[in-house]
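S.K.: One structure follows; several queries about it will come next.
Derivation of every value follows stated rules applied to the coordinates shown; laboratory data play no part. The shown structure was predicted, so the numbers you read here are calculated from the model rather than taken from an experiment. Don't worry about glycine lacking a Cβ; one is built from the backbone with ideal geometry, like all the others, and counts go over all protein chains shown.
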Amino acid sequence: MNKKLLIIMSNSDPAQPDGCYAPLFQATIAAALSHDVEVVFTGISVQLAIGENAEKAEVNLETHRTIHDIIKEAHQAGVSFKACNTSLQMAAEELIEEVEERVGAAYVIGEAMDENTITFTY
């Protein structure tokens, strides 16, 4: 059975977008290599899933490339994105369209503990 790559972004601070780039790039490459890849935004990183936050986080000041651009590329490559409810001050928060669902802590723990899942945390 194929293994799933679960990337938990918890400490990647949107105020420092350079630190958000690597896990998203790794997710994109893994998906391009036909792996099942899921990124869960939690902790401070969940801010990247809310509204225009990812659009404001520029990783290249010359080209104005943003974290949202990188998320879009990852999603097009097949990466699945989720946001953890426990990190969102929720209900009314509008998430970017690439986030497919809101999940709870039990989901994150269940996926991370699955024997067919490799988990990276950032």
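S.K.: Identify all residues within the range 1-28 that are charged (D, E, K, R) and in a loop (DSSP other than H, G, I, E, B); write none if there are none.
M.R.: Result: LYS3, ASP13.
S.K.: Six or more apart or on different chains, Cβ atoms under 6 Å: show the pairs whose first residue is in the range 101-122 and at negative phi and surrounded by 15 or more Cβ atoms within 10 Å (Cβ to Cβ) and whose second is in a helix (DSSP H, G or I) and not basic (Lys, Arg).
M.R.: Matching pairs, first to second residue: ARG102/ASN85; THR117/GLU111; THR119/ALA112; TYR122/PRO23.
S.K.: Now for a different question. Looking at PHE25, PHE81, PHE41, which is the one that is within 10 Å of the chain's Cα centre (by Cα), closer than 13 Å to TYR122 by Cα and not aliphatic (A, V, I, L, M)?
M.R.: PHE41
S.K.: Oh, and also: Check ALA31 against each of (1) part of a strand (DSSP E or B); (2) aliphatic (A, V, I, L, M); (3) over 18 Å from VAL108 (Cβ atoms) and name the one condition it does not meet.
M.R.: Here ALA31 clears every test but (1).
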